[in-house]
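The values are calculated or read from the model by the stated rules, or taken from the named source; none is laboratory data. Just so it is clear, the structure is predicted and the values come from calculations on it, not from any experiment. Positions of Cβ are backbone-derived with ideal geometry, glycine not excepted, and every protein chain shown enters the neighbour counts. With ligands, DNA and RNA removed, areas are computed over all heavy atoms of the protein, side chains included. Shrake-Rupley method; radii C 1.70, N 1.55, O 1.52, S 1.80 Å.
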Amino acid sequence: MTEELKMIQEDSREDINLSPVNKIEIYSFFDPFSKDCFKLSAILSKLRLEYQKYIRVRHILNPSLRILTKCQAQSTSNDDNIALAYKAAELQGRIRAERFIHLVQNKIIPNQEIITEDVVSDCICHAGLDYEVFKEDLHCQKLRESLQVDLHIAREMDINEAPSLVFFNEDVQEEGLKVEGLYPYHIYTYIINELMGVAIEKKLPPPLEEYIKQQQLVTKQELLTIYEWPEKVLNKELKKLMLQQKIEKEPSPEEHFWRSKI
């Protein structure tokens, strides 16, 4: 557990009163090839569903030399360099860019595949991005400049690993709270509640069918994280939607995916 996380727990035990704030900003630094980052993305999705009025999440592909080198090593050109592809997708909106990287991770991590141009183009289309605009943006110099900005942010926040989350409240005088690594869901809800300084009423997730439709492609582990149902209950609900021809299953070597058919 990081020193930053220990500090907030010690502060709570000392009954330090925090002033209520309106919104928490969370910077999420991720490695597109990391299984822990993939698991954390489901946790962040759940946090956004339950605390949508109170948090804002900004995903940043960790621009460390190791990760950028890995992105370049597995690519043959700009067209399948996931670092540049993610920055190009961001130019059409952060929500679509997050959906794009979510789809990419769903494809490559369970299957242990490399990112190809076909994977990128398929995920771009399914994420609702304009593919022709995306192709043009891929070759803009401003993408590399944007990566340099991300590198500056990562250095300012002393990011040394992925995943890493940095929580900020609205007090510009307060430093961010950094949490490195992957922790159980309740740790993140604890931090949000402490930083907000008031009791928060959580919002329930949408119906299962609606969530799958929103996300395009999901794994069972992601759904178990979001809904916290027993696995037997989730399997029953998925089977029901399959029989109604609302979703379909895509098998892979290590995991099963479900996608909306509507």
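Of the residues that make up segment 154-169, is at least one open to solvent by less than 60 Å² (accessible area, probe 1.4 Å), in a helix (DSSP H, G or I) and not charged (D, E, K, R)? Yes, some residue in segment 154-169 is open to solvent by less than 60 Å² (accessible area, probe 1.4 Å), in a helix (DSSP H, G or I) and not charged (D, E, K, R). Looking across segment 44-75 at every residue that is over 17 Å from Tyr86 (Cβ atoms) and among the basic types (Lys, Arg), the one that is surrounded by the most Cβ atoms within 10 Å (Cβ to Cβ) is identified as Lys46.
Would you say Tyr131 is under 30 Å from Asn22 (Cβ atoms) and of a type in the set (Ser, Thr, Tyr)? In short, no. If you go through segment 204-213 and pick out every residue that is buried (at least 16 other Cβ atoms within 10 Å of the Cβ) and assigned to a helix (DSSP H, G or I), you end up with 5. Considering segment 48-103, the residues that are touching a residue at least 12 places away in the same chain (Cβ under 8 Å) and β-branched (Val, Ile, Thr) include one that is nearest to Asn22 (Cα to Cα), namely Ile55.
Per the listing Gln216, Gln245, the residue uniquely at pLDDT 90 or above and either open to solvent by 90 Å² or more (accessible area, probe 1.4 Å) or under 21 Å from His126 (Cβ atoms) (or both) is Gln245. Can you confirm whether Ile200 is in a loop (DSSP other than H, G, I, E, B), surrounded by 13 or more Cβ atoms within 10 Å (Cβ to Cβ) and either in contact with a helix residue (DSSP H, G or I) (Cβ under 7 Å, 6 or more places away or on another chain) or not basic (Lys, Arg) (or both)? Taking the combined requirement at face value, the residue satisfies it. Where helices (runs of 4 or more DSSP H) sit wholly within segment 27-109, those with at least 3 residues that are under 30 Å from Ala199 (Cα atoms) occupy 35-50. Scanning segment 12-26 for residues that are modelled with pLDDT under 50 and not in a helix (DSSP H, G or I) turns up Glu14, Asp15, Ile16, Asn17, Leu18, Ser19.
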